[in-house]
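The next block holds one structure in the form of structure tokens; read it before the comments.
The values are calculated or read from the model by the stated rules, or taken from the named source; none is laboratory data. Given the structure is predicted, the values throughout are model-derived calculations rather than measurements. FYI the Cβ positions are ideal-geometry reconstructions off the backbone, even for glycines, and counts take in every protein chain you see.
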Amino acid sequence: MKERLSDCNSRSEHAIHPGNPVFLLAVTAISIQFYSLLRIKPFWLDEWFVIYSIKFLSYSDLFGILPFTQQFPRCYLVLIKVISSISGYSYFGLRLLPFFIQILNVFLFFRISSLLFAGQRKKQLAFILIILSFFTTVHYFFQIKHYSAEMLASLLAFFQYRFFCRIPDKSGINRHYLLWSLLFLILPLVSYTYAFTALPVFIFFFYPERRKISGILILPACLFTAGLLISWFTDLRMVLNDKTMNIYWENFLIKTQSLKIFIKTALHSLINFFGLAAGQNSENKNIFILFGMHTAKLFFSITAVIGFSRPICAFFSKKSAVNRFNHDQIYFSGVIILILAAGLAGKLPLGPMRLNYFALPALAYFMISSGRTMRVFTRKKIAENFIIIIIIVISSLFFIQRYVKEAFDKNQFFSRKSWENAGNALKNAYRLNLPVFINSPAAEYDRLCLLAHPEFNIKNPRPIFITSKLSSPDLPGVYISNWQINIKTSEIQK
């Protein structure tokens, strides 16, 4: 029987109570991240670059070329600057916006799992485990990076699809319609990847069940076009014309110099993309851990491909595609097809997990859907249960390992001791009214660390010098060598 548009409005169980393991999982993840936030997680190199722009560039300069070859959605960068400047660019002020965005993401994961798999606890658990155990979710939870905003835009696009696929053709303009339409204008300004998840929403304006092109299409289409144009002139044109960044990411693109190179790079990229949920390859040299990581990636790749192939095969079958799969399959298939098209055209790296974080909900959906495909193929329910259980087991192992590391590892990206010494050096410099001198092989990076440190007050800046560039290196000041502090005050007059 033909699906009706109103099917998109199917109700799902909220089940927000202490006994729900899916909800408990979400609360556990947030609690561990909150603990990690409170124990002060040092900023690291990439964050130093971004913080430098936030602290030292004016609002207008943020819409220009950023230093240190950084690319960051400019409007999102402005939001962080506005919020963090209130507290003088304190640690919590800088971490606040990414942290709360990711908390919102977690609850949206929970909500989406109940919408996609209403009444199916194991599938809900598998879905949220895949996303919460993902490396980028765990280790970039409140970092000053734009990945959490990319994910939020992706999740909101899903809810836009859910709204517009069920709205009647003759629906009048109301506040809900205006709100969901307005997001087409706003989200391109804070996300580079929103277009991949927003464009499939427009499929449902041309859906066969709509007898003509719906008038409700006009406002969303106009706002989305305006959002993309504004984003292009304020942001995207600089990203795409950044030669240094293009050279770096070129190594991750599918190459077309020859058929052999194309097949090799395409196969490698596709395995990495469909196996995205396994995260990055482990740097551990233990052969058993490496084998386990590669096996997990291969398993996730195969299940995602199986789940994705079902609606694609249905589309090309003799029977009507509308009768063969549901709206969720159509929407997520549209997302994956757009990503693959950009990847195969050499415009989007498919391998790097951080860049493709926004695609994880679609991949997780198809991984779980592969169980249903195998059940139909084998005509045995045990095939579906087996796949779901394996996904839960593997994702649980990732969840435990990554959150334990997040909670207890003191030196994930930058040594905590070095970070504390950087703060102590600045405190002494302000207390004694002294300049800071750096004597180390990586002096330029150490200087950047000090400038980005919350103890550095931009309203009362302390001079920071690199001793190798001075003609008289033995001057009064706070000296830092490999993050060891030495104070010379003999010639200072207070």
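Just for segment 112-153: of the residues that are charged (D, E, K, R) and under 18 Å from the mean Cα position of the chain (by Cα), which one is farthest from LEU363 (Cα to Cα)? Explain how you work it out, then say what you get.
In the first step, residues of segment 112-153 are kept if they are charged (D, E, K, R); the result is 121-123, 145, 150.
From what's left, under 18 Å from the mean Cα position of the chain (by Cα): 145, 150.
Details: LYS145: 22, GLU150: 16 Å.
The extreme case among them is LYS145.
Among residues belonging to segment 383-437 that are polar (S, T, N, Q) and assigned to a helix (DSSP H, G or I), point out the one that is surrounded by the most Cβ atoms within 10 Å (Cβ to Cβ).
Per the criteria, the residue is SER395.
Mind listing just one residue for me: the one in segment 277-286 that is outside any helix (DSSP H, G or I) and of a type outside the set (Lys, Arg) and, of those, modelled with the highest pLDDT?
Here the answer is GLY279.
Checking PHE141 against (1) over 30 Å from ILE218 (Cα atoms); (2) in a helix (DSSP H, G or I), which single condition isn't satisfied?
(2)
Residues LYS469, LYS417: which one is at pLDDT 85 or above and of a type in the set (Lys, Arg)?
Only one candidate qualifies: LYS417.
Here is a yes/no grid of residues against (1) in a helix (DSSP H, G or I); (2) aliphatic (A, V, I, L, M); (3) within 28 Å of SER369 (Cβ to Cβ); (4) in contact (Cβ under 8 Å) with a residue 24 or more places away in the chain:
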| residue | (1), (2), (3), (4) |
| --- | --- |
| LEU223 | yes, yes, no, yes |
| TRP232 | yes, no, no, no |
| THR244 | yes, no, no, yes |
| LYS255 | no, no, no, yes |
| ILE261 | yes, yes, no, no |
| PHE288 | yes, no, no, no |
| PHE291 | yes, no, yes, no |
| LYS297 | yes, no, yes, yes |
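On the basis of being assigned by TED's automatic domain parsing to the domain that holds PHE358, farther than 29 Å from PHE386 by Cα and not aromatic (Phe, Trp, Tyr), does LYS260 make the cut? Break it down into steps so the answer makes sense when it comes.
On the way: assigned by TED's automatic domain parsing to the domain that holds PHE358: yes; farther than 29 Å from PHE386 by Cα: yes; not aromatic (Phe, Trp, Tyr): yes.
Yes; evaluated as a whole, the condition is true for this residue.
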